[in-house]
1. Residues Phe118, Phe59, Phe45: which one is touching a residue at least 60 places away in the same chain (Cβ under 8 Å) and among the aromatic types (Phe, Trp, Tyr)?
2. Consider Leu174 against the criteria (1) farther than 26 Å from Glu275 by Cβ; (2) assigned by the TED database to the domain that holds Ala284; (3) part of a helix (DSSP H, G or I): it satisfies all of them except one. Which criterion is unmet?
3. Filter segment 209-263 for residues that are without any contact (Cβ under 8 Å) to a residue 40 or more places away in the chain and either polar (S, T, N, Q) or in contact with a Gly (Cβ under 8 Å, 6 or more places away or on another chain) (or both) and give the result.
4. Where in segment 15-105 are the helices (runs of 4 or more DSSP H), entirely inside, with at least 2 residues that are among the aromatic types (Phe, Trp, Tyr)?
5. I'd like to verify a number: residues in segment 249-283 that are exposed (fewer than 12 other Cβ atoms within 10 Å of the Cβ) and either under 23 Å from the mean Cα position of the chain (by Cα) or outside any helix (DSSP H, G or I) (or both), how many?
6. Tell me which of these Tyr204 doesn't satisfy, since it passes every other one: (1) open to solvent by 40 Å² or more (accessible area, probe 1.4 Å); (2) more than 30 Å from Thr132 (Cβ to Cβ); (3) touching a residue at least 40 places away in the same chain (Cβ under 8 Å).
7. Is there a residue in segment 160-171 that is open to solvent by 10 Å² or more (accessible area, probe 1.4 Å), in a loop (DSSP other than H, G, I, E, B) and either in contact with a Gly (Cβ under 9 Å, 6 or more places away or on another chain) or not small (Gly, Ala, Ser) (or both)?
8. Considering only segment 214-233, state which residues are assigned to a helix (DSSP H, G or I) and crowded, with 18+ Cβ neighbours inside 10 Å.
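The values are calculated or read from the model by the stated rules, or taken from the named source; none is laboratory data. For clarity, every value in this text was computed on a predicted model and none was experimentally measured. Here Cβ is always computed from backbone atoms with ideal geometry, including for glycine, and neighbour counts include all displayed protein chains. Ligands, DNA and RNA are excluded from the accessible area calculation, which covers all protein heavy atoms including side chains. Shrake-Rupley method; radii C 1.70, N 1.55, O 1.52, S 1.80 Å.
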Amino acid sequence: MSNSKALSEAVLEDGQPAVVEKTMIKDFLALIKVGIVNSNAMTTFTGLWLALHFSGARFLDNIDLILATLIGSSLIVAGSCSLNNYIDRDIDHLMERTKDRPTVTGKVQPGKVALMSFLLIGIGTAFLLTTTITAAVIGLFGVFSYVVLYTLWSKRQYVSNTIVGSISGAVPPLIGWAAVDANLDVMAWMLFAIVFVWQPPHFYALAMRRVEEYRAAGIPMLPVVKGFKATKRSIFLWITALLPLPFFLHELGIPFMILATILNIGWLVLGIYLEKLKDDMKWAKLMFVYSLQYLTVMFVAMVIVTLI
């Protein structure tokens with residue numbers, strides 16, 4: 001029995017570093033908002049892929065450029081997100097979805113978060129500089145628009161904060177394209193436009209679900225300031241603004257334009273249909289879920305149609 005107990009204690013002691021390491025990784029992923037990093041990597045890759053496709057460059061011949069772009073863009077997004085956590089640590093404890101962030105719980109010292117953020121942004125920029133200067137400049141503009149224009153300036157003061165924040169979220173496909181072709185094509189700007197216009201209805205739906213949390217934190221999101229009726233109206237207007245955009249991507253072919261149009265109309269139809277439920281929270285939840293699938297399907301389809 002004593003030997004068995006000693007063995008168990010040894011296993012626990014040996015396993016402790018693994019548990020600590022796992023916790024550290026989890027905290028790091030929370031700091032950089034890994035979900036945002038992944039979604040931005042997807043749109044960056046699509047911009048990169050389409051630029052390679054339409055310039056006639058071979059994918060396998062440009063693996064180094066592809067890796068540098070994806071690593072660089074992901075690092076600057078990660079650095080921007082962790083810097084956002086550093087800045088918002090005074091209000092994050094007021095919101096359910098942000099109260100467990102390491103910057104709130106005290107697991108990580110604020111100074112170390114700030115230092116890590118700038119290191120990630122600096123290293124990411126260095127990677128992008130190995131592609132084109134334009135890609136690096138666009139990347140830094142994305143950092144500026146997210147950290148300064150959104151987090152420090154508009155987020156806590158203006159109801160238009162979501163629109164301002166949408167600028168940085170739409171930058172990744174431009175980075176991807178510019179890494180291959182610094183002379184940004186109209187298609188590159190259309191990718192930017194699609195992601196920019198997609199973000200308000202996506203985040204307004206989220207804000208409806210979290211309206212009381214935003215209210216408690218003093219953040220003037222649209223549902224907090226104008227109410228659900230005005231927010232729904234705005235969501236419908238932004239989705240409507242998406243309708244003409246696929247037709248500027250005619251080079252991707254008719255099947256893509258049909259799919260994109262179906263996705264756009266489907267979003268509108270879903271919103272109209274859900275009005276019958278008379279349940280604002282359920283409406284917001286399903287519209288939010290649709291928005292996530294929308295962006296994924298749209299950008300994955302852009303890659304697939306070039307392979308057919």
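1. Going through Phe118, Phe59, Phe45 in turn, the sole match is Phe45.
2. Unmet condition: (2).
3. Residues satisfying the conditions are Thr231, Ser234, Phe236, Ile239, Thr240, Thr261.
4. 34-55
5. Looking only at that region, the number is 1.
6. For Tyr204, the failing item is (1).
7. Taking every residue of segment 160-171 in turn, none turns out to be open to solvent by 10 Å² or more (accessible area, probe 1.4 Å), in a loop (DSSP other than H, G, I, E, B) and either in contact with a Gly (Cβ under 9 Å, 6 or more places away or on another chain) or not small (Gly, Ala, Ser) (or both).
8. Matches in segment 214-233: Tyr214, Ala217, Leu222, Pro223, Val224, Thr231, Lys232.
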